[in-house]
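Have a look at the structure below before the remarks.
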Amino acid sequence: MNINDYIARLTGKDAKDAYAFAQQITAESRASDVWYPHFDGFAALLSHKNSLIRNRAISILAANARWDREGKFDALLDEFLSHVTDVKPITARQCVAALPEIAEAKPELAPRIRTALEQADLSGCPDSMQPLVLKDIVAALQKMERFS
């Protein structure tokens, strides 16, 4: 399989399979750099119209941050951080939850991540979800304290 096959599977109509495949890639990426060569392909999914696919990209990219020696994640950070205030609160929560993993892997990015979390404008988030996203932000900032 090549990156196009992987992307097709991650974006396919079989949501269960796509989710399971994303979980597999994420777990394998935490253990080795086997998926890092496909970083750019996964990064392209951050702008996908389907929020479930954006969620998959967020977890895969966060797990691959630890292998990034080329500065790819650094260049992608602003786009990644834009999902802290994603139009879909579940995606925002997924992004916020992934940020401590990135800060641990790339401590030099922690100040930018912290600033994005502290300055996140949640006014576009439904009122019912704002407290949950805010709670996630506080938890992420607390986890990141050890990477300061």
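The values are calculated or read from the model by the stated rules, or taken from the named source; none is laboratory data. Remember, predicted model here, so these are calculated numbers, not experimental data. Note that each Cβ is placed from the backbone with ideal geometry, even for glycine, and that neighbours are counted across all protein chains shown. Ligands, DNA and RNA are stripped out before the accessible areas are found, and what is left, the full protein with its side chains, is counted by its heavy atoms. Shrake-Rupley method; radii C 1.70, N 1.55, O 1.52, S 1.80 Å.
Taking only Cα atoms and a 10 Å spring cutoff, compute GNM fluctuations for the chain and point out the largest among LEU45, LEU132, LEU122.
LEU132
Could you tell me what percent of the accessible area of the chain is made up of carbon and sulfur, with a 1.4 Å probe and every protein chain present?
The value for the chain is 53 percent carbon and sulfur by accessible area.
Show me 94-103, 19-28 ranked by packing, highest mean number of other Cβ atoms within 10 Å first.
In descending order of packing, they fall as 94-103, 19-28.
Take ASP127 and ASP78, extend 7 Å from each Cα along the Cα→Cβ direction, and tell me the distance between the two endpoints in nm.
Going by the 7 Å Cα→Cβ label model, 3.5 nm.
Would you mind computing Rg(Cα) / (2.2 N^0.38 Å) for the stretch 1-73, counting N as its residues?
1.00
Going by the alpha-carbon gyration tensor, a ≥ b ≥ c the square roots of its eigenvalues, is the chain rounded (a/c under 1.5) or, if a/c is not under 1.5, prolate (a/b greater than b/c) versus oblate?
oblate
Compute the length gained on full extension between THR11 and ILE90: take 0.36 nm times their separation in residues and subtract their Cα-Cα distance, giving the result in nm to one decimal.
Residue separation times 0.36 nm, minus the Cα-Cα distance, leaves 26.7 nm.
Accessible area per residue of the stretch 59-103 at 1.4 Å probe, in Å²? List each step's numbers first, then the result.
Values: 1700 Å² over 45 residues.
Result: 38 Å² of accessible area for each residue.
Once label points are set 7 Å from the Cα along Cα→Cβ at both ASN2 and ASN50, what is their separation, rounded to one decimal in nm?
In this crude label model, ASN2 to ASN50 measures out at 2.2 nm.
Any idea what the dipole of the stretch 1-79 comes to, in debye rounded to 20, about its Cα centre with Lys/Arg Cβ at +1 and Asp/Glu Cβ at -1?
Here the size comes out at about 300 debye.
Given the rule -39500 (n - 2.57) for each run of at least 4 DSSP H residues, summed and divided by the residues of the chain, what is its mean residue ellipticity at 222 nm, to the nearest 500 deg cm²/dmol?
On the way: 8 runs with 96 residues, N = 148.
Computed ellipticity for the chain at 222 nm equals -20000 deg cm²/dmol.
Taking the 0 to 90 degree range and rounding to the nearest ten, how far is the long axis of helix 89-105 tilted relative to the main principal axis of the chain, both from C-alpha atoms?
It is inclined by approximately 80 degrees.
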